[in-house]
Amino acid sequence: MALYAADGSTNVTVVDGNTYVGRYAPNGSMNVVVTDGSTYTGLNHRSGAMYVVNTNNPITSIQHPSGGMYVSDSPFSVGSNYVTVTSGVLEGGGSPPVVGNPMGLLLTLTYAA
């Protein structure tokens, strides 16, 4: 098996992240840990796998605000990374961020004359 499937999607192996597995599985696919995106995780899991957020909705960014990559398996969601699961199950999912949702503090600067 190769990293990419015949349809061009990335082959992934879903792991639980309890032991170190590295980025790639013995079958050549990419190891991933599924997160729901509710907390910031970054892209890389301590097991060596990559964090992913499963989505069924069209999105405008390939990376979730939590740091994980948006993925979808067949039927593919527009904008996400297309994957074919070789082992495990893509469970859960995070919704796309709300467009225009403020993510920070509004600061007012004043200047002394």
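Brief remarks follow.
- Long-range amide H partners of T84 with built H, under 5 Å: T10, N11, V12
- Local electrostatic count at T86 - Lys and Arg +1, Asp and Glu -1, tallied over other residues with Cβ under 15 Å: -1
- Other-chain or far-sequence residues with amide H under 5 Å of N44's (modelled H): Y51
No value in this document is a laboratory result; all are computed from the given coordinates. Remember, it's a predicted structure, so these values are computed and weren't measured experimentally. Neighbour counts are summed over all protein chains in view; Cβ atoms, including those assigned to glycine, are modelled from backbone coordinates with ideal geometry.
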